[in-house]
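Student: I am attaching a structure below and will ask some questions about it afterwards.
The values are calculated or read from the model by the stated rules, or taken from the named source; none is laboratory data. Model, not experiment: these values are computed from the prediction. Here the Cβ positions follow ideal geometry from the backbone for every residue, glycine too, while neighbour counts run over all protein chains shown. Each accessible area value is taken on the protein alone, full model and side chains, heavy atoms only, with ligands, DNA and RNA left out. Shrake-Rupley method; radii C 1.70, N 1.55, O 1.52, S 1.80 Å.
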Amino acid sequence: MIRLAAHLAWAILASLSLPALAVWGDELVRLPGDPDLAPDGKRLAFAWRGDLWTAPSGGGVIRRLTASPARESQPKFSPDGKSIAFISDRTGAGQLFVMPAAGGEATQLTFHSEGCGLEQWTADGEHLMITAQRDHFWRHAERFFLVPRQPRGGERLVVDAYGSHGRLSADGQRLLLMREGERWWRKGYQGSRAGQIWLYDRKSSEFQQVVASADEARWPLWHPARPDTLFYVGGQSGSFNLWQRDLPSGQERQLTEFTDDSVVMPCISADGKWIVFRHQFDFYRYALDQPRPPVKLRLVYRGDQAQELVQRRTLDKATDVAFTADGLELAFIAGGDVWVMDTVLREPRQVTDTPEEERDPAFSPDGTQLVFASDRGGQSDLWRAERGDPNRFWWQNESFPLTQWTNDPEWEGQPRWSPDGQQLAFLKQRGDLWLIRSDGTTARRLLESWNKPDYDWSPDGKWLAYSVSDNDFNRDVFLLPLDGSRPAFNLSRHPDNDGDPVWSPDGTLLAFVGRRLGDETDIYFVHLRKSADDLGPRGRKLREAVQKITKVRQGSPGRPAPGAPPSPDAPSPETPSPETPAGETPAGEQPRPAGE
């Protein structure tokens, strides 16, 4: 990463720091998060600006509980209302802490390097249920655990199955949980990844699907006084609203009628009278025993506060790096935004500044455009950045005009330019491979897949190599001609997994990662021309030796080096014929699968 982290820490901080502005008087609380009601329903705890606060549950002046440079979140009142548990990253990863409900010294309860998230207290107040990733290397490593209230107690697995937004019943024997699910801020998704509500019986160890909708269902809550009644947030009405469901009969009714945005982060009081949730920028309180619309809560901060005109951030790592064709400028993702810089001065310049995440930057071959994926606006699309001043380098520019390239609710990402810069390949939905022209028109699907392929362009831009899993979860490498002259060809044809195909610069070789010997993973390559493959290992080495010495000593391939004896079995240097551009298979020859 060319010492990228060392320069990020000071350069990005310097570009974001501005003097503080003193603010006096009342301030309305906007965008609070993680609400939780006290057992009697009279107090509300929540997270705001990285700290924890409380307020009357009907609204009013808020009171600070923590004042830490760390990020604190997910407050939960204990069943007796005397303590608040929460998550804080003050010691590194997010850990579980407990403190008095009125504020005070906090006690750390978890110490795992991977951290955790807080779900709830058990009804007896002796344990807290967390979600954490423990000892699972495959997808969906998250599990539910019970942590004793007393410090340094051992974690106990609730169920060895993945899930999120878990809620134990009052007797601790039934667990409501969510499985699958898109990001909660993504609206309008319909499909197989939509969140589902499940019920797990800890006595019988049986699962039951409670709510399954293509429109997403999440955030289940038990009714404290009715063991067979639950609440959840569902998208059946076109927007995420609060729903009530009777378990034995399956009957449901919609409690809120929002059409402009979602109900998120609901919580319920222990007496079953109130539900508080966030809608847009504010909390709302809904009375379960009164048939009327929810009421917006007016929360006010009163006092002095130093507000930053621009948030201070120190970023010390980057991901998703892309270089220009000459390797002298690079784009990367840091803090969820796109940055560019050169390889000598190494002072990053910010391209995007959004609350959503950006990823997968890719420079056009001529270096004039930068395409990336962004979740802005609640959906994942491709965007294009250009230099405000095309006569200056990327890292010398201060403005970067942005153009939205795609605009639909499906996920899109991993863009790759064709070598001539005229087309762009990208992935869509679950793993479909698409092609679009550089002007943003004529999009077409090349491959329909339920899993994301790895892929690479051939140097001449006429072929794509990709690896994808079949319905038996076996991954092979394929070659696909873009002119539609033939179907995709399975190049590796092996019962073990092969992936990450990469073309050689001259297009005559394709390398990929695979396993052929036990659990050993190695790099394999296949010659795409039968004539080269027929030479065998020694013939190819011999040809390479002749070409290398001839080039150095004579400067022109094909002429014998002075003083070198003729080599009767040395093959003549091979060059692609005009009829067969580099990367294509000559007429009459079939691509040869690896291992043949």
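Student: Go through (1) crowded, with 19+ Cβ neighbours inside 10 Å; (2) in a loop (DSSP other than H, G, I, E, B) one by one and return the number of the condition Thr441 breaks.
Tutor: (1) is the only condition that Thr441 fails.
Student: Might you check whether a residue that is assigned to a strand (DSSP E or B), in contact (Cβ under 8 Å) with a residue 40 or more places away in the chain, over 19 Å from Arg285 (Cα atoms) and of a type outside the set (Ser, Thr, Tyr) occurs anywhere in region 230-239?
Tutor: No, there is no match, as no residue in region 230-239 is assigned to a strand (DSSP E or B), in contact (Cβ under 8 Å) with a residue 40 or more places away in the chain, over 19 Å from Arg285 (Cα atoms) and of a type outside the set (Ser, Thr, Tyr).
Table: residues versus (1) surrounded by fewer than 15 Cβ atoms within 10 Å (Cβ to Cβ); (2) among the small types (Gly, Ala, Ser).
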{"site": "Trp411", "(1), (2)": "no, no"}
{"site": "Ser418", "(1), (2)": "no, yes"}
{"site": "Gln429", "(1), (2)": "no, no"}
{"site": "Arg437", "(1), (2)": "yes, no"}
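Student: Another question about this same structure. Scan region 108-160 residue by residue and report those that are on the phi < 0 side of the Ramachandran plot, of a type in the set (Lys, Arg) and modelled with pLDDT under 85.
Tutor: Hits for region 108-160 are Arg134, Arg139.
Student: Kindly check whether there is at least one residue in region 248-267 that is closer than 19 Å to Pro56 by Cβ, open to solvent by 30 Å² or more (accessible area, probe 1.4 Å) and of a type in the set (Phe, Trp, Tyr).
Tutor: No, every residue in region 248-267 fails to be closer than 19 Å to Pro56 by Cβ, open to solvent by 30 Å² or more (accessible area, probe 1.4 Å) and of a type in the set (Phe, Trp, Tyr).
Student: Which condition from (1) out of contact with any Leu (no Cβ under 7 Å at 6 or more places or on another chain); (2) touching a residue at least 60 places away in the same chain (Cβ under 8 Å); (3) of a type in the set (D, E, K, R) is the one that Asp439 breaks?
Tutor: (2)
Student: Sort out which residues of region 378-397 are within 30 Å of Gln190 (Cα to Cα) and hydrophobic (A, V, I, L, M, F, W, C), and write them in order of number.
Tutor: Leu382, Trp383, Ala385
Student: Output yes when any residue across region 405-423 is touching a residue at least 24 places away in the same chain (Cβ under 8 Å), assigned to a strand (DSSP E or B), small (Gly, Ala, Ser) and within 20 Å of Ala322 (Cα to Cα), and no when none is.
Tutor: Yes, region 405-423 contains at least one residue that is touching a residue at least 24 places away in the same chain (Cβ under 8 Å), assigned to a strand (DSSP E or B), small (Gly, Ala, Ser) and within 20 Å of Ala322 (Cα to Cα).
Student: Sticking with this structure for a sec: Considering only residues that are hydroxyl-bearing (Ser, Thr, Tyr) and touching a residue at least 40 places away in the same chain (Cβ under 8 Å), look in region 339-358 and name the one that is most open to solvent (accessible area, probe 1.4 Å).
Tutor: For region 339-358, the residue satisfying everything is Thr343.
Student: Filter region 103-131 down to the residues that are more than 12 Å from Pro148 (Cβ to Cβ), more than 26 Å from the chain's Cα centre (by Cα) and charged (D, E, K, R) and list them by number.
Tutor: Answer for region 103-131, where residues must be more than 12 Å from Pro148 (Cβ to Cβ), more than 26 Å from the chain's Cα centre (by Cα) and charged (D, E, K, R): just Glu105.
Student: A further question on this structure: Can you name every residue in region 373-383 that is in contact with a Ser or Thr (Cβ under 8 Å, 6 or more places away or on another chain) and open to solvent by less than 40 Å² (accessible area, probe 1.4 Å)? Walk me through how you get there before you give the answer.
Tutor: Step one: of region 373-383, the residues in contact with a Ser or Thr (Cβ under 8 Å, 6 or more places away or on another chain) are 373-374, 376, 380-383.
Result: Ala373, Ser374, Ser380, Asp381, Leu382, Trp383.
Student: Of the residues that sit in region 450-476 and are among the acidic types (Asp, Glu) and farther than 17 Å from Leu435 by Cα, which one is surrounded by the fewest Cβ atoms within 10 Å (Cβ to Cβ)? Walk me through how you get there before you give the answer.
Tutor: Kept after step one, since they are among the acidic types (Asp, Glu), are these residues of region 450-476: 454, 456, 460, 470, 472, 476.
Checking which are farther than 17 Å from Leu435 by Cα leaves us with 470, 472, 476.
Working: Asp470: 12, Asp472: 6, Asp476: 23.
Checked region 450-476; the qualifying residue surrounded by the fewest Cβ atoms within 10 Å (Cβ to Cβ) is Asp472.
Student: Take the residues in region 321-334 that are crowded, with 18+ Cβ neighbours inside 10 Å and not charged (D, E, K, R), then tell me which one is nearest to Ser374 (Cα to Cα).
Tutor: Residue satisfying both the conditions and the ranking: Ile333.
Student: Where the second residue is among the basic types (Lys, Arg) and in a strand (DSSP E or B) and the first is free of Cβ contacts under 8 Å to residues at least 40 places away in the same chain and lies in region 267-290, which pairs have Cβ atoms under 7 Å and are six or more apart or on separate chains?
Tutor: Here the result reads Tyr284/Lys296, each pair linking region 267-290 to a residue that is among the basic types (Lys, Arg) and in a strand (DSSP E or B).
Student: What about Leu479, is it touching a strand residue (DSSP E or B) at 6+ places or on another chain (Cβ under 9 Å), more than 30 Å from Gln404 (Cβ to Cβ), modelled with pLDDT under 90 and open to solvent by less than 20 Å² (accessible area, probe 1.4 Å)? Steps first, please.
Tutor: On the way: touching a strand residue (DSSP E or B) at 6+ places or on another chain (Cβ under 9 Å): yes; more than 30 Å from Gln404 (Cβ to Cβ): yes; modelled with pLDDT under 90: no; open to solvent by less than 20 Å² (accessible area, probe 1.4 Å): yes.
No.
Student: How do the pairs read when you match residues in region 201-215 that are in contact (Cβ under 8 Å) with a residue 12 or more places away in the chain and among the aromatic types (Phe, Trp, Tyr) with residues anywhere that are surrounded by 15 or more Cβ atoms within 10 Å (Cβ to Cβ) and assigned to a strand (DSSP E or B), using Cβ under 9 Å and keeping only pairs 6 or more apart or on different chains?
Tutor: Partner pairs satisfying both residue conditions: Phe207/Val159; Phe207/Trp198; Phe207/Leu199; Phe207/Tyr200.
Student: Considering only residues that are among the aliphatic types (A, V, I, L, M), surrounded by 21 or more Cβ atoms within 10 Å (Cβ to Cβ) and in a strand (DSSP E or B), which ones fall in region 29-66?
Tutor: Residues satisfying the conditions are Leu37, Leu44, Ala45, Ala47, Leu52, Ala55.
Student: Looking at region 384-421 only, could you name the residues that are among the polar types (S, T, N, Q) and within 27 Å of Pro505 (Cβ to Cβ)?
Tutor: Those that are among the polar types (S, T, N, Q) and within 27 Å of Pro505 (Cβ to Cβ): Gln414, Ser418.
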